[in-house]
Amino acid sequence: MNTRTVHTLHPSPLGDLLVTGAAGPAGLNLTALSLPGRQGTPGVRPEDRDDRPFTAAHRQLDAYFAGRRTRFDLPLTVTGSPFQRTVWQALEEVPYGTTTTYGELTARLGLPRSEIRAVGRALGANPLLLVRPCHRVIGADGSMRGYAGGVEHKVWLLTHEGALQPALT
């Protein structure tokens, strides 16, 4: 199969999002959605930028940031270990506008509490921010624990989704 890795930038309230995919005869499968300069951002070459295959991704991201979309429906390239894929699949079931804790997610997976850190590491390895909503997982005490996009962006996303009340300034 003849595929090539391509990328685009998507302007957002968080700053530019780097959207990466594998383009082939059957279309585009997303491989990563990240904030440039943050943890997990894939390396890209300027000559591999191609905005054309990302029309659906741009449309869905615009709708999400406008408050008109609560889930993403984009073809994805499946990566990660079997354990990571299991965690990411459970993550996709956390509804828009809600949060869950690392402990609740671990229990939902039928894992012992001793595996909470492993679940956290799997969340940290998620290459598809927003699409797989790892920002919806918080500490048991309500604290905003690590987020590859930055804790300040996690707070913004949860406020945007209505899971947090806007902070008074």
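Residues 125, 148: which one is within 13 Å of the chain's Cα centre (by Cα) and open to solvent by 30 Å² or more (accessible area, probe 1.4 Å)? Quick ask: steps written out before the conclusion?
Numbers: 148 fails: open to solvent by 30 Å² or more (accessible area, probe 1.4 Å).
Within the list 125, 148, the selection yields 125.
Please go through segment 116-157 and give me each residue that is among the hydrophobic types (A, V, I, L, M, F, W, C) and either touching a His at 6+ places or on another chain (Cβ under 8 Å) or part of a helix (DSSP H, G or I) (or both), ordered by number. Spell out the reasoning first.
Step one: list which residues in segment 116-157 are among the hydrophobic types (A, V, I, L, M, F, W, C), which gives 116, 118-119, 122-123, 125, 128-131, 134, 137-138, 140, 144, 148, 151, 155-157.
Scanning segment 116-157 gives 116, 118, 119, 122, 123, 129, 134, 151, 155, 156, 157.
How many of the residues making up segment 52-78 are surrounded by 14 or more Cβ atoms within 10 Å (Cβ to Cβ) and part of a loop (DSSP other than H, G, I, E, B)?
Step one: list which residues in segment 52-78 are surrounded by 14 or more Cβ atoms within 10 Å (Cβ to Cβ), which gives 53-54, 56-58, 60-62, 64-65, 69, 72, 74, 76-77.
Then drop every residue that is not part of a loop (DSSP other than H, G, I, E, B), which leaves 69, 72, 74, 77.
Adding up the residues that qualify gives 4.
Before we move on, is residue 110 at positive phi and within 15 Å of the chain's Cα centre (by Cα)? First the steps, then the outcome.
On the way: at positive phi: yes; within 15 Å of the chain's Cα centre (by Cα): no.
When the stated conditions are applied, residue 110 does not pass them.
Determine which single condition residue 18 fails, assuming it passes every other condition in (1) assigned to a helix (DSSP H, G or I); (2) within 14 Å of the chain's Cα centre (by Cα).
Looking at each condition in turn, residue 18 falls short on (1).
Within the bounds of segment 71-82, is there any residue that is under 15 Å from the mean Cα position of the chain (by Cα) and on the phi > 0 side of the Ramachandran plot?
As a first pass, look at segment 71-82 and keep what is under 15 Å from the mean Cα position of the chain (by Cα): 71-80.
Restricting the remaining residues to those that are on the phi > 0 side of the Ramachandran plot gives 80.
Scanning segment 71-82 turns up at least one residue that is under 15 Å from the mean Cα position of the chain (by Cα) and on the phi > 0 side of the Ramachandran plot.
Would you confirm whether or not segment 140-156 contains a residue that is farther than 25 Å from residue 17 by Cβ and touching a residue at least 12 places away in the same chain (Cβ under 8 Å)?
Yes, some residue in segment 140-156 is farther than 25 Å from residue 17 by Cβ and touching a residue at least 12 places away in the same chain (Cβ under 8 Å).
Please find, within segment 99-115, the residue that is nearest to residue 20 (Cα to Cα) out of those that are open to solvent by 40 Å² or more (accessible area, probe 1.4 Å) and among the aliphatic types (A, V, I, L, M).
Result: 109.
Confirm whether residue 6 is surrounded by 13 or more Cβ atoms within 10 Å (Cβ to Cβ), in a strand (DSSP E or B) and within 14 Å of the chain's Cα centre (by Cα). Talk me through it step by step, then tell me what you get.
On the way: surrounded by 13 or more Cβ atoms within 10 Å (Cβ to Cβ): yes; in a strand (DSSP E or B): yes; within 14 Å of the chain's Cα centre (by Cα): no.
The answer is no for residue 6.
Is it true that residue 87 is more than 26 Å from residue 160 (Cβ to Cβ), touching a helix residue (DSSP H, G or I) at 6+ places or on another chain (Cβ under 6 Å), surrounded by 12 or more Cβ atoms within 10 Å (Cβ to Cβ) and of a type outside the set (S, T, N, Q)? Before the answer, list the steps.
Details: more than 26 Å from residue 160 (Cβ to Cβ): no; touching a helix residue (DSSP H, G or I) at 6+ places or on another chain (Cβ under 6 Å): yes; surrounded by 12 or more Cβ atoms within 10 Å (Cβ to Cβ): yes; of a type outside the set (S, T, N, Q): yes.
It is false that residue 87 is more than 26 Å from residue 160 (Cβ to Cβ), touching a helix residue (DSSP H, G or I) at 6+ places or on another chain (Cβ under 6 Å), surrounded by 12 or more Cβ atoms within 10 Å (Cβ to Cβ) and of a type outside the set (S, T, N, Q).
The values are calculated or read from the model by the stated rules, or taken from the named source; none is laboratory data. Bear in mind the structure is a predicted one, so any value in this text is a computation, not a measurement. Please note: Cβ atoms are built from the backbone with ideal geometry, for glycine as well, and neighbour counts cover all protein chains shown. Side chains are part of the model used for accessible areas, which takes the heavy atoms of the whole protein and leaves out ligands, DNA and RNA. Shrake-Rupley method; radii C 1.70, N 1.55, O 1.52, S 1.80 Å.
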